[in-house]
Amino acid sequence: MPKISAATLRSLPVPLPPERDFQRVNRAIDRAFSWIESVGKDVLKAVDLSRRLEDEVLRKAFRGELLVQDPNDEQASVLLEQIRAHRSQQSTAIPGAKREMAPRTRKVRGLTEGKNMGKKRSDVEADFLRQTLNSLGGKAAAKEVWQRSGMDIDEFYKQLRQELKAGHIREGASKEELVLAHAA
């Protein structure tokens, strides 16, 4: 401040607490900062654990390990065979149509490398699945929406959960069906 000079400041008395009180307050502040730092580290650990748990829950869900399996459900191998048969029927139904081959991939240090690894959530808009579902007429099986989206399956379910929370999409009459939230 222009009206306060160094000489004026030097002439002002500055009360200081007794040394014992000063050290007690200083120790209390040090303990508080130490506690805050410890809580901060615990929060970072909890966030990391939460991310790992979310990933593990998704892995278990895709392996069918979260719920007790109904013995009347068909095996995945049967479902895969039905999908293959359906695809071959589609390619033979259109004369001259060629079936698109999946890109070849190779394993490198536990990761699959290939031309098409699937879209990531960072590659798409916040309402990408709503747009995809809209292009399918506003109502479709979750599997059909996933296939049309071109997303990696893990990324698809993370995006789906986000859009369900945002209210863009809702489950239909059956758990396997997705419906635009504003649709009847």
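The values are calculated or read from the model by the stated rules, or taken from the named source; none is laboratory data. Bear in mind the structure is a predicted one, so any value in this text is a computation, not a measurement. We place every Cβ from the backbone using ideal geometry, glycine too, and count neighbours over all the protein chains shown. For accessibility, only protein heavy atoms count, side chains too; no ligands or nucleic acids. Shrake-Rupley method; radii C 1.70, N 1.55, O 1.52, S 1.80 Å.
Some observations on this one:
- Subset of region 140-176 (residues that are of a type in the set (D, E, K, R), surrounded by fewer than 16 Cβ atoms within 10 Å (Cβ to Cβ) and not in a helix (DSSP H, G or I)): ARG170, GLU171, LYS175, GLU176
- For region 78-95, the set of residues classified as open to solvent by less than 80 Å² (accessible area, probe 1.4 Å) and modelled with pLDDT under 75 consists of SER91, ALA93, listed by residue number.
- Residue under evaluation LYS45, criteria (1) without any contact (Cβ under 8 Å) to a residue 12 or more places away in the chain; (2) part of a helix (DSSP H, G or I); (3) open to solvent by less than 80 Å² (accessible area, probe 1.4 Å), criterion not met: (3)
- Cβ-Cβ contacts under 7 Å between residues 6 or more apart (or on different chains), taken from a first residue in region 170-183 that is among the aliphatic types (A, V, I, L, M) to a second residue that is open to solvent by 50 Å² or more (accessible area, probe 1.4 Å) and not in a loop (DSSP other than H, G, I, E, B), are listed as LEU178/GLU171; VAL179/LYS139; VAL179/ARG170; LEU180/ARG130; LEU180/ASN134; ALA181/ARG170; ALA183/LYS139.
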